[in-house]
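Below: one structure, written as structure tokens.
The values are calculated or read from the model by the stated rules, or taken from the named source; none is laboratory data. Quantities reported herein were computed from a predicted structural model and do not represent experimental measurements. A quick note on method: Cβ atoms are made from the backbone with ideal geometry, for glycine too, and the neighbour counts reach across all protein chains shown.
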Amino acid sequence: MCLPVRMGCVPMGIHFTENEVQEYSQMSRLGRFSGGALSLLIVLVLCLPALGSRRTEWLKPEYPRRAVFSIPKDAGLYLLVDVPLGDKPEGEGSFECVSASGSSIPCRLVYSDGKKVSVLVCTGPGAKGSYYLYYGAPGSKGRQEIVDPVPVGVSVYRSTAKGIPNAWEKMRYMAGHSRVASKTLRQHYFGKIEGISAEQKAEQKYTSWKYPIVRLQSHVLCSKSGPYRFGINCSDAGFVLINGEVVASWPGEHAAGTWKSGPPVYLEAGIHKLSVYTKAKYTPYAALGWQPPGAEEKYSIPHKALVCASRVTDPRSEIRDEAVHPHFLSYPGRAYAFRNHRSVFIPVRFKSHSAYAKSSKLTYSWDFGDGHKAEGTYVDHVFSEARKHEVSLTVRDADGAENVCKKIVDYRMIQPQYYAVAAEVTGLPAVCYPKDPVAPILQAQWAAAYSSVSKKMPENIVLQLSWSVEGQEGAEDSGTRDLPMTNLSARVELASTNVSSMSRISWDISHQGISVASRIVNFVRPPFGDAVSRVSAEKLFNSGGERLILVPVLKSDELEQPAITTEQARGRIVCLDDSLAASGMDGDADGKVYYGALSEIMGGPDGPSIEHVQLTDWDDSTEAYGPLLRIREAAKAVAENADVVILSVGLQDIVHQRDPAEFERHAAALSDLIWGTLKCPVVWVTPPPYTATTTEVRPFAAAVQRVAQARNMPVADLYSAFMNAGDEKDALFRGKDEFSLSGQGHHLAARAIARALPRQEGRN
């Protein structure tokens with residue numbers, strides 16, 4: 001067996017009641033105690049690397065077994081010690097407790113289940129160093145009738161959280177962040193807490209949003225197995241736990257005076273840990289009641305059933321004739337977690353405190369119960385779940401003798417610090433030509449998990465990156481590496497090639513085998529099978545959250561559009577526009593813009609149905625990147641049974657000074673989406689030579705011509721038509737508004753578009 005691991009709060013001091021001190025003084029006068037402080041030795045052992053130590057002298061050779069333990073920091077005068085009887089118990093027999101100097105310590109058998117026994121030990125105030133509980137010999141020693149008069153321990157914690165919790169989860173969160181007890185004391189009952197000073201009450205009154213958390217703790221003896229039902233009568237929030245599980249609760253703000261009972265819980269006969277957490281505006285009050293098996297009603301837990309507040313559940317177990325006695329302690333660090341992930345990571349350092357009888361050449365093998373193992377006298381391990389874990393240490397000496405120590409460590413009450421990892425692949429434009437060179441780089445950095453959490457990020461957490469780059473022909477290039485975030489960010493080049501050789505990039509950032517960030521980047525070619533469902537910044541995503549890189553074709557033999565038929569030209573024509581009829585442009589005196597004039601030119605009994613779709617102004621889109629938003633809007637508009645699409649885009653690219661080469665790629669992707677995926681023929685319209693930006697417009701008009709020519713798409717060349725207007729060119733625009741067409745300009749645009757469509761019978 002091993003010494004216990006306590007998580008959460010560590011009391012700074014212990015206060016004893018007057019009755020407790022008087023009882024100790026009386027026993028001291030009778031010669032039943034003597035000093036034996038070894039505190040300096042304990043400090044040295046904890047500070048130095050843990051090595052095997054030679055077993056101390058066996059002071060009671062008549063006993064075949066003994067348990068070696070130290071006094072927990074929060075112990076009072078009395079301590080409950082659990083010791084194993086072994087596979088072949090010699091019987092309960094005699095028990096005798098002594099200090100390191102050999103002085104006799106009063107003890108009493110409280111309970112035995114045939115596998116282990118629980119012994120109450122009276123150590124006295126200020127007890128330090130090691131103690132030895134010898135047992136296994138026949139006889140009747142160790143049966144003094146000692147009783148802990150104050151079996152309820154009270155710890156008062158300064159709370160940093162506001163208000164009274166209305167659920168156990170909130171109380172657990174508050175308690176987990178209240179790390180240091182400002183006051184500890186003992187009392188003989190559950191109920192009103194007498195030890196809170198007037199100064200503390202006054203402090204509560206003036207800082208009402210920081211009421212302290214009070215934990216009451218004892219160990220209750222259940223004489224028989226069966227269903228038990230617990231109840232609490234408390235002021236404000238109170239929660240009752242048995243062995244770490246909530247069995248009764250009364251959350252929120254309320255006055256005391258009413259019992260709240262929990263559901264029945266089955267308990268085996270024996271000693272169980274009983275805890276109460278309460279948080280009240282004024283003096284806390286938490287009375288407990290129970291209804292044991294066979295009882296017809298609930299009543300207060302009798303004092304005789306409360307054994308002791310402090311307990312050593314896993315002392316080092318030693319057998320007189322064995323050579324190796326394994327034992328270890330653990331020291332948990334600050335727990336942490338990642339936003340939107342359920343795993344809680346608890347870094348723990350384990351140190352061996354084993355003893356040996358003969359050889360000092362010991363080997364240490366650790367099993368953490370989660371699939372991980374380690375070797376060494378002290379090891380570091382990170383658990384990924386805030387729960388109970390069984391840890392075992394196997395110790396072997398040079399002669400081949402070995403023994404195992406197993407311990408349950410409980411991290412259910414731990415509360416982590418939350419972090420977030422912001423990661424993305426840079427160096428990949430959302431739209432690329434196949435021959436474009438790219439060098440995707442994964443960039444990861446810490447980000448604030450929540451606005452209320454400190455922006456200080458960890459410096460000692462190492463993440464693991466794995467990635468895979470798949471090629472067009474099925475070839476794959478993959479890699480793994482650590483991501484030390486010491487500079488708060490990390491950059492890793494994933495590949496350096498051209499787009500034509502890439503089809504997919506996948507990456508995953510993990511910690512201790514748990515994924516904390518991942519993403520897939522798909523290079524999609526026409527027909528674009530993955531529909532664009534979301535535009536974020538300069539990135540496209542499908543409905544599954546995978547990032548998309550659109551790769552349009554370069555030449556007509558890859559994706560050639562056939563001639564537009566007369567039937568298509570007489571059907572539903574959709575004008576996707578951000579250039580010719582921007583919002584607020586009314587056209588000529590009759591209010592006709594180019595699509596209205598086009599309807600007149602192509603009208604008649606069998607004329608087409610012409611619909612205008614005004615694309616979103618980029619200045620109105622704060623979250624999406626304009627050119628990509630245009631692609632998504634076009635797909636939505638065309639999907640509704642269009643027969644022909646007239647594309648007149650580019651003005652916003654010109655106004656926002658976008659790169660013409662980038663515009664060309666987006667125009668190509670727009671073309672391949674509408675024709676290659678949606679099978680709707682396209683007529684392109686070049687932007688006209690706006691009055692003050694003629695030289696700036698030319699490369700955009702040329703880009704439209706190249707895109708259309710590569711796909712055999714007809715073009716309404718407004719740039720050339722307006723330039724050829726000679727002296728009348730200025731009349732095609734509305735006065736000083738260089739980006740607005742006049743009525744004459746709209747009619748010229750309509751005629752140019754009509755010429756790009758098949759002529760209808762009897763009309764020019």
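Can you tell me how many residues within the range 661-704 are part of a helix (DSSP H, G or I) and either of a type in the set (Val, Ile, Thr) or over 23 Å from Phe528 (Cβ atoms) (or both)? Within the range 661-704, residues that are part of a helix (DSSP H, G or I) and either of a type in the set (Val, Ile, Thr) or over 23 Å from Phe528 (Cβ atoms) (or both) number 12. Note on the range 99-167: enclosed strands (runs of 3 or more DSSP E) holding 1 or more residues that are more than 25 Å from Arg215 (Cα to Cα) and in contact (Cβ under 8 Å) with a residue 12 or more places away in the chain are 107-112, 116-122, 130-137. Within the range 360-372, which residues are over 20 Å from Ala323 (Cα atoms) and modelled with pLDDT of 95 or more? Scanning the range 360-372 gives Asp367, Phe368. Of all residues assigned to the range 577-599, at least one qualifies as being modelled with pLDDT of 85 or more, under 22 Å from Lys679 (Cβ atoms) and not in a helix (DSSP H, G or I).
The residues listed here are Ile631, Ile646; of these, the one that is in contact (Cβ under 8 Å) with a residue 40 or more places away in the chain, closer than 29 Å to Gly607 by Cα and out of contact with any Asp or Glu (no Cβ under 9 Å at 6 or more places or on another chain) is Ile631.
The set of residues in the range 505-536 that are part of a strand (DSSP E or B), basic (Lys, Arg) and over 14 Å from Leu442 (Cα atoms) contains only Arg534. Among the residues of the range 399-452, those identified as in contact with a helix residue (DSSP H, G or I) (Cβ under 8 Å, 6 or more places away or on another chain), part of a loop (DSSP other than H, G, I, E, B) and either more than 30 Å from Phe368 (Cα to Cα) or hydroxyl-bearing (Ser, Thr, Tyr) (or both) are Pro429, Ala430, Cys432, Tyr433, Pro434, Lys435, Asp436. Entry remark, the range 247-264: residues being more than 22 Å from Lys162 (Cβ to Cβ) and part of a strand (DSSP E or B) number 4 in total. Selection of the range 618-657 for residues being part of a loop (DSSP other than H, G, I, E, B), within 20 Å of Phe739 (Cβ to Cβ) and at pLDDT 90 or above yields Val649, Gly650. The residue that is farthest from the chain's Cα centre (by Cα), among those in the range 348-373 that are under 26 Å from Met413 (Cα atoms) and part of a strand (DSSP E or B), is Ser352.
In this structure, is Lys351 in contact with a strand residue (DSSP E or B) (Cβ under 8 Å, 6 or more places away or on another chain) and free of Cβ contacts under 8 Å to residues at least 12 places away in the same chain? Don't jump to the end; show me each part of the working.
Numbers: in contact with a strand residue (DSSP E or B) (Cβ under 8 Å, 6 or more places away or on another chain): yes; free of Cβ contacts under 8 Å to residues at least 12 places away in the same chain: no.
No; evaluated as a whole, the condition is false for this residue.
The listed residues are Leu732, Leu748, and the only one of them that is buried (at least 20 other Cβ atoms within 10 Å of the Cβ), out of contact with any strand residue (DSSP E or B) (no Cβ under 6 Å at 6 or more places or on another chain), at pLDDT 90 or above and of a type in the set (A, V, I, L, M, F, W, C) turns out to be Leu748. Do we have any residue at all in the range 534-548 that's farther than 30 Å from Ala635 by Cα, touching a Lys or Arg at 6+ places or on another chain (Cβ under 8 Å) and among the aliphatic types (A, V, I, L, M)? Checked the range 534-548: no residue is farther than 30 Å from Ala635 by Cα, touching a Lys or Arg at 6+ places or on another chain (Cβ under 8 Å) and among the aliphatic types (A, V, I, L, M). Tell me, which residue of the range 374-390 that is surrounded by fewer than 17 Cβ atoms within 10 Å (Cβ to Cβ) and closer than 30 Å to Ser518 by Cβ is farthest from the chain's Cα centre (by Cα)? Per the criteria, the residue is Ala374. Close contacts from the range 521-547, counting a first residue that is more than 23 Å from Ser468 (Cα to Cα) and a second that is of a type in the set (Val, Ile, Thr), with Cβ to Cβ under 6 Å and a gap of 6+ residues or different chains, come to Pro527/Thr677.
Among the conditions (1) touching an Asp or Glu at 6+ places or on another chain (Cβ under 9 Å); (2) surrounded by 16 or more Cβ atoms within 10 Å (Cβ to Cβ); (3) closer than 21 Å to Asp410 by Cα; (4) small (Gly, Ala, Ser), the only one that Gly244 does not satisfy is (2).
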